[in-house]
Amino acid sequence: MIEIHNLTKRFKNKVIFQETSFTACSGKITILTGRSGIGKTTLLNMIAGLQRMDSGSYRYEGRELSNLSDEELSAFRGGYIGYIPQDFALIEDYTVKENILLPNLYNKQKDMEQAERKMLEYLRLFDLTSLSDKRVRTLSGGQKQRVAIIRSIIGSPKILLADEPTTNLDEENLALVIDLLQEQKAAGTIVIVASHDSRLQKIADTTYEIKDRKLQLVEEK
Ligand SMILES: Nc1ncnc2c1ncn2[C@@H]1O[C@H](COP(=O)(O)OP(=O)(O)O)[C@@H](O)[C@H]1O
Ligand SMILES: [Mg+2]
């Protein structure tokens with residue numbers, strides 16, 4: 001379980017979050033909505049340990065993370081987090097396979113053989129097998145998005161963060177992404193998705209809207 005309490009975050013003098021709270025549970029899909037520029041990506045980045053809160057507490061399974069060092073945070077990220085960033089953050093000159101396996105190379109605790117097996121299975125599922133050894137720069141936006149999705153899950157993360165993961169996807173690939181998010185949920189992962197996409201709303205267990213610098217609980221099924 002992720003528990004964030006009394007979160008305040010500002011950039012210079014612009015306040016993004018003002019003493020607000022957020023929880024996300026294992027085996028649930030939590031959707032974050034709110035207009036563009038409101039703070040969805042910033043919240044995901046703080047959960048991933050890529051950005052720091054100005055004040056407040058952040059607990060994962062009861063362990064306080066807000067006072068960890070950069071090194072400890074980066075170890076937490078490697079061990080627990082799968083992230084599908086809005087801009088994919090792929091390395092354009094590396095191949096599809098290299099991009100997918102890269103986060104696992106840095107994590108010695110992860111089983112490479114299992115990761116490779118899983119990668120091949122998902123490449124097939126997402127119809128990317130023939131592109132496996134192509135450089136990412138030659139791919140379309142939708143193909144890159146699918147590569148970023150596969151990269152995020154092959155290490156079996158406990159927390160999966162997805163930032164508007166359906167923007168470039170057609171109906172067929174949307175259905176695959178929905179299946180994948182539900183599969184992660186069934187495996188007990190904490191799934192948090194920032195999205196305006198009404199097509200994703202039907203799989204949400206909990207929905208928060210960011211508004212007036214607060215995280216407002218809209219719906220809990
Ligand atoms: N590193 C940063 N430095 C300064 N301002 C930032 C930074 N990151 C985001 N912002 C600002 O914070 C606000 C929230 O951004 P963001 O979290 O990306 O919103 P969303 O994902 O909901 O569109 C925006 O006004 C954005 O310009
Ligand atoms: Mg964003």
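The values are calculated or read from the model by the stated rules, or taken from the named source; none is laboratory data. Predicted model only: the values in this text are computed from it and were never measured. Heads up, the Cβs are rebuilt from the backbone with ideal geometry, glycines too, and the neighbour counts pull from every protein chain shown. In case anyone asks, the SASA skips ligands and DNA or RNA and just uses the protein heavy atoms, side chains included. Shrake-Rupley method; radii C 1.70, N 1.55, O 1.52, S 1.80 Å.
Side notes on the structure shown:
- Here is the figure for the range 24-51: residues that are surrounded by 15 or more Cβ atoms within 10 Å (Cβ to Cβ) and either farther than 18 Å from residue 83 by Cα or of a type in the set (Asp, Glu) (or both) total 2.
- Top-ranked residue in the range 8-22 [being without any contact (Cβ under 8 Å) to a residue 60 or more places away in the chain and surrounded by 15 or more Cβ atoms within 10 Å (Cβ to Cβ); ranked as farthest from ligand 2 (Cβ to nearest atom)]: 8
- Scanning the range 35-48 for residues that are over 12 Å from the mean Cα position of the chain (by Cα) and more than 6 Å from ligand 1 (Cβ to nearest atom) yields a count of 1.
- Wholly enclosed helices (runs of 4 or more DSSP H) of the range 82-172 bearing at least 1 residues under 22 Å from residue 71 (Cα atoms): 96-105, 141-153
- When the range 57-111 is filtered for residues that are free of Cβ contacts under 8 Å to residues at least 24 places away in the same chain and open to solvent by 60 Å² or more (accessible area, probe 1.4 Å), the ones remaining, listed by number, are 63, 67, 70, 71, 72, 75, 87, 98, 105, 108, 111.
- All positions within the range 35-94 that are of a type in the set (Ser, Thr, Tyr), at pLDDT 95 or above and within 16 Å of ligand 2 (Cβ to nearest atom): 41, 42, 83
- Number of the condition not met by residue 132 [criteria: (1) touching a residue at least 12 places away in the same chain (Cβ under 8 Å); (2) surrounded by fewer than 18 Cβ atoms within 10 Å (Cβ to Cβ); (3) within 18 Å of the chain's Cα centre (by Cα)]: (3)
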